[in-house]
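Participant: So that we are looking at the same thing, I have put the structure below in structure tokens.
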Amino acid sequence: MNARELRRYSRHLLIPEVGLRGQERLAASRVLVVGAGGLGSPALQYLAAAGVGRIGIVDDDAVDETNLQRQTIFTEADVGQSKASVAAHRMRAINSLVNVDAIPIRFEPSNARELVRLYDVVVDCTDRFPTRYLINDACFLEKRPDVYGSIFRFDGQVSVFCASSGPCYRCLFPEAPPPESRPTCAEGGVLGALAGVVGAWQASEALKLLLGIGEPLVGRLLLTDMLQARVRIVAFDRDPHCALCGELPRIQSLDPALYGAPALDSPVPEIEADSLDDALREALLLDVREPHEAVLGSIDGAIRIPASQLEGRLSELDSAARYIVACRVGAKSLWAVQRLRDAGFTRLQHLRGGLLAYAARHEEFEFF
Ligand SMILES: [Zn+2]
């Protein structure tokens with residue numbers, strides 16, 4: 001390392017866990033960032049500033065004016081230009097010592113493994129469910145860690161999937177909800193600064209993995225709620241029945257059919273959080289949150305079947321009964337309603353805004 005590099009990275013070199021050897025290790029490392037948006041902006045900037053030797057940016061999109069509220073790597077003058085190219089240009093300006101690959105194409109089943117293979121760590125900065133599963137699956141098949149982040153309104157999540165013996169995204173969420181039932185930031189909104197927190201956290205996890213230091217978020221899901229200023233970490237294990245990393249894997253290649261999603265047949269009758277108490281006099285509440293989401297309790301009398309287990313546990317439900325299906329934010333419940341309809345259930349409603357909307361009106365609940 002020459003004098004200029006020693007000076008440039010001096011604040012890393014002072015950290016015993018990094019030091020000269022760690023900095024040299026970063027310079028010899030390669031990171032692929034999928035998505036140059038809200039999460040990608042901070043992740044790319046910190047990875048470039050940190051001196052990661054080669055950084056790939058996959059994004060086929062162009063900068064849009066609505067991006068500027070959170071995608072801080074772009075400026076007003078960039079609107080209409082390729083995100084990958086503009087981001088690469090900014091990163092070279094931050095640190096001319098790093099090599100940046102602008103890859104302005106869509107990350108898809110036909111190129112996913114090839115791209116992932118070229119890098120040591122992959123950072124998932126997308127906001128689409130099918131791409132998230134695709135990144136996870138490609139990372140598992142190519143034995144690369146997947147640093148996952150997601151944001152919605154005030155809620156953020158971070159974890160590390162597919163690291164050596166750790167669990168994968170499908171161990172946590174076996175199947176993707178249909179796009180109609182899970183709004184993206186474009187549809188549901190997001191607090192801009194949340195993207196900064198989660199994207200920077202992802203960069204930090206990627207750097208830890210490259211350096212081989214600390215405790216990465218393997219088998220742990222970090223949940224942040226910016227509105228309440230709370231952070232929780234929920235541990236989860238590898239699922240022996242996982243379709244990808246389980247004992248009898250069903251996914252052994254990237255079949256494009258895995259990354260499409262069915263559409264909902266017809267609109268689902270909704271019930272507002274305000275009228276839930278009244279409605280529950282004549283209906284049963286079916287709480288489909290995953291166990292890690294339901295750790296802080298539920299409404300008395302609710303039937304709790306996580307959406308991921310619904311198909312295997314239909315016998316616990318009565319197809320003639322009236323159910324109000326609820327999840328945390330009112331997205332997974334729509335997906336669950338579709339599954340129940342397929343199974344012949346007809347008297348279904350879903351709780352608009354989810355149990356969070358209900359909790360907002362009832363101080364005794366804390367559906368974090
Ligand atoms: Zn798995």
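Participant: If we only count helices (runs of 4 or more DSSP H) wholly inside segment 130-239, which ones have 1 or more residues that are in contact (Cβ under 8 Å) with a residue 12 or more places away in the chain and more than 14 Å from the chain's Cα centre (by Cα)?
Facilitator: Values: elements: 169-172, 185-188, 192-211.
Hits in segment 130-239: 185-188, 192-211.
Participant: Which one of these is more than 26 Å from Gly188 (Cα to Cα) and basic (Lys, Arg): Arg352, Arg339, Arg361, Arg322?
Facilitator: Working: Arg352 fails: more than 26 Å from Gly188 (Cα to Cα); Arg339 fails: more than 26 Å from Gly188 (Cα to Cα); Arg361 fails: more than 26 Å from Gly188 (Cα to Cα).
That would be Arg322, the only listed residue that is more than 26 Å from Gly188 (Cα to Cα) and basic (Lys, Arg).
Participant: Name every residue in segment 205-218 that is of a type in the set (Gly, Ala, Ser) and surrounded by fewer than 19 Cβ atoms within 10 Å (Cβ to Cβ), in order of residue number.
Facilitator: Initially, segment 205-218 is screened for residues of a type in the set (Gly, Ala, Ser), giving 206, 212, 214.
The answer is Gly212, Gly214.
Participant: Every residue in segment 224-242 that is surrounded by fewer than 18 Cβ atoms within 10 Å (Cβ to Cβ) and either in contact with a Lys or Arg (Cβ under 6 Å, 6 or more places away or on another chain) or hydroxyl-bearing (Ser, Thr, Tyr) (or both), please.
Facilitator: Ile233, Ala235
Participant: From the set of residues in segment 69-85 that are of a type in the set (A, V, I, L, M, F, W, C) and in a loop (DSSP other than H, G, I, E, B), which is surrounded by the fewest Cβ atoms within 10 Å (Cβ to Cβ)?
Facilitator: First pass over segment 69-85, keeping only residues of a type in the set (A, V, I, L, M, F, W, C): 73-74, 77, 79, 84.
Those still in the list that are in a loop (DSSP other than H, G, I, E, B) too: 73-74, 79.
Numbers: Ile73: 27, Phe74: 22, Val79: 15.
If we take residues in segment 69-85 being of a type in the set (A, V, I, L, M, F, W, C) and in a loop (DSSP other than H, G, I, E, B), then Val79 is surrounded by the fewest Cβ atoms within 10 Å (Cβ to Cβ).
Participant: Mind checking whether some residue in segment 81-96 is aliphatic (A, V, I, L, M), out of contact with any strand residue (DSSP E or B) (no Cβ under 6 Å at 6 or more places or on another chain) and under 22 Å from Glu24 (Cα atoms)? Write out each step before concluding.
Facilitator: Initial filter on segment 81-96 (aliphatic (A, V, I, L, M)): 84, 86-88, 91, 93-94.
Remaining after also requiring out of contact with any strand residue (DSSP E or B) (no Cβ under 6 Å at 6 or more places or on another chain): 86, 93-94.
Of the ones still in play, those that are also under 22 Å from Glu24 (Cα atoms) are 93-94.
Looking through segment 81-96, at least one residue is aliphatic (A, V, I, L, M), out of contact with any strand residue (DSSP E or B) (no Cβ under 6 Å at 6 or more places or on another chain) and under 22 Å from Glu24 (Cα atoms).
Participant: Being farther than 27 Å from Ile233 by Cα and part of a loop (DSSP other than H, G, I, E, B) is the requirement here; does Ser298 meet it? Working first, answer last.
Facilitator: Working: farther than 27 Å from Ile233 by Cα: no; part of a loop (DSSP other than H, G, I, E, B): yes.
Taking the combined requirement at face value, the residue does not satisfy it.
Participant: Output yes when any residue across segment 118-128 is free of Cβ contacts under 8 Å to residues at least 40 places away in the same chain and either surrounded by fewer than 24 Cβ atoms within 10 Å (Cβ to Cβ) or within 11 Å of the ligand (Cβ to nearest atom) (or both), and no when none is.
Facilitator: If we filter segment 118-128 for residues that are free of Cβ contacts under 8 Å to residues at least 40 places away in the same chain, which is where we start, we get none.
No, because not a single residue in segment 118-128 is free of Cβ contacts under 8 Å to residues at least 40 places away in the same chain and either surrounded by fewer than 24 Cβ atoms within 10 Å (Cβ to Cβ) or within 11 Å of the ligand (Cβ to nearest atom) (or both).
Participant: I'm trying to understand the selection: among the residues of segment 55-68, which are assigned to a helix (DSSP H, G or I) and more than 20 Å from the chain's Cα centre (by Cα)?
Facilitator: The answer is Glu65, Thr66, Leu68.
Participant: For a quick check of your reading of the model, give me the residue pairs whose first member lies in segment 241-253 and is near the ligand (Cβ under 9 Å from one of its atoms), whose second is among the polar types (S, T, N, Q) and assigned to a loop (DSSP other than H, G, I, E, B), with beta-carbon atoms closer than 9 Å and at least 6 apart or on different chains.
Facilitator: From residues that are near the ligand (Cβ under 9 Å from one of its atoms), the pairs are Leu244/Gln252.
Participant: I'd like to verify a number: residues in segment 124-138 that are closer than 12 Å to Tyr148 by Cα, at pLDDT 95 or above and of a type in the set (Asp, Glu), how many?
Facilitator: Qualifying residue count, segment 124-138: 1.
Participant: Every residue in segment 152-169 that is in contact with a helix residue (DSSP H, G or I) (Cβ under 8 Å, 6 or more places away or on another chain) and within 16 Å of the ligand (Cβ to nearest atom), please.
Facilitator: The answer is Ser159, Val160, Phe161, Cys162, Ala163, Cys168, Tyr169.
Participant: I'm trying to understand the selection: among the residues of segment 229-274, which are among the aromatic types (Phe, Trp, Tyr) and modelled with pLDDT of 95 or more? Steps first, please.
Facilitator: Taking segment 229-274 as the starting set, the residues that turn out to be among the aromatic types (Phe, Trp, Tyr) are 236, 259.
Passing the criteria: only Phe236.
Participant: Count, please, the residues in segment 318-350 that happen to be over 21 Å from Ala176 (Cβ atoms), touching a strand residue (DSSP E or B) at 6+ places or on another chain (Cβ under 8 Å) and of a type outside the set (Val, Ile, Thr).
Facilitator: Selection size over segment 318-350: 6.
The values are calculated or read from the model by the stated rules, or taken from the named source; none is laboratory data. Since the model is a prediction, treat every value here as computed from it, not as a measurement. Positions of Cβ are backbone-derived with ideal geometry, glycine not excepted, and every protein chain shown enters the neighbour counts.
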